[in-house]
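What follows is a single structure, written as structure tokens, with notes after it.
The values are calculated or read from the model by the stated rules, or taken from the named source; none is laboratory data. Quick caveat: nothing in here was measured; it's all calculated off a predicted structure. As a convention, Cβ positions derive from the backbone with ideal geometry for all residues, glycine included, and neighbour counts pool all protein chains shown. For the accessible areas, the whole protein counts, side chains as well, though only heavy atoms, and no ligand, DNA or RNA atoms are used. Shrake-Rupley method; radii C 1.70, N 1.55, O 1.52, S 1.80 Å.
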Amino acid sequence: MNKKVAIIPGSFDPITLGHIDIIERCSKIFDEVIIAILINPDKKYFFTVKERVEMTQEIIDSLDKIDNVRVDSFSGLLVSYAKKTGSNIIVRGLRAVSDFEYEMQLTSMNKSLDEEIETFYMMTNTKYSFISSSIIKGVSGFGADLTKFVPNIVAKRLEEKLKEV
Ligand code: ADP
């Protein structure tokens, strides 16, 4: 049987406990999981792609029992990236109804670009349902304990990065 390779695409700017929960659950279902970090030249990121990949890799290396997960970056169309990696499975997380409309559009667009692509949605773990990378960036720098929302490594990097900017 063909190996089932799932791609989890996103900005991961930075990776949060919500993302990690989806990644861990996904790694138990699929043979292989690729965390595909997006490089979109039109989007302004807080962390560079190199930093996002390094941080994510460091976290994956520190987790137990997920040796079927690898980290990569990509630019351009997700469906082209999927084809290149030999996968037709995309996994995204859903937090709230507010995510739904955008995700529906994204999935329909990808499907119309490549009919073979299937997108699966995993419902967030309720304890992480309010966590997003942007809200974390919004509260960082004011002395809040970020380790409830992101791994320690990320909390440290956020503090360091804020000193740089
Ligand atoms: P994007 O810019 O593509 O939304 P993100 O890095 O913000 O990239 O998110 C990547 C994926 O992770 C998306 O499918 C998003 O819905 C999901 N995600 C983000 N935060 C959470 C969370 N707290 N719980 C579950 N899924 C999440």
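Rounded to the nearest 10 degrees, what's the angle between the helix 49-62 long axis and the longest principal axis of the chain, both from Cα atoms, 0 to 90? Here the helix axis deviates by roughly 90 degrees.
The C-alpha atoms of the chain define a longest principal axis, and helix 97-113 lies at about 40 degrees to it.
Sites listed here are trypsin sites (Lys or Arg not before Pro) in the range 1-106 whose DSSP assignment is loop and whose Cβ has at most 11 other Cβ atoms within 10 Å: Lys3, Lys43, Lys44, Lys65. Kirkwood analysis of the range 74-165, using all unique Cα-Cα pairs, places the hydrodynamic radius at 15.6 Å. Taking every alpha-carbon pair in the chain and binning the separations at 10 Å intervals from zero gives 10, 39, 38, 12, 1, 0 percent.
Counting protein heavy atoms only, the range 13-75 has 49 percent of its accessible area on carbon and sulfur, 1.4 angstrom probe. Amide H contacts for Lys4 (H built 1.01 Å from N in the peptide plane; partners 5 or more residues away or on another chain; cut-off under 5 Å): Asp31, Glu32. Summary of the geometry: the range 11-47 and the range 101-165, compared by the centres of their Cα atoms, lie 8 Å apart.
Shape class for the range 16-84: oblate, because the ratio a/c of the largest to smallest gyration tensor axis (alpha-carbon atoms, square roots of eigenvalues) is 1.5 or more and b/c is at least a/b. Taking amide H positions as modeled 1.01 Å from N, with prolines and chain starts lacking one, the residues under 5 Å from Ile37 and 5 or more places away or on another chain are Asp72, Ser73, Phe74.
Full extension of the chain between Met104 and Thr48 gives 17.4 nm of extra length, using 0.36 nm per residue less the Cα-Cα distance.
For the range 32-154, what does the relative contact order come out to in percent, with C-alpha contacts under 8 Å and a separation of six or more?
About 24 percent, as a whole number.
With all projection directions averaged, the alpha carbon convex hull of the range 107-148 covers 4.5 nm². Here the 3J(HN,Hα) profile of the range 66-74, calculated from phi with Karplus coefficients 6.51, -1.76 and 1.60 at θ = phi - 60°, is 10, 7, 9, 10, 10, 10, 8, 10, 8 Hz, Gly and Pro shown as x.
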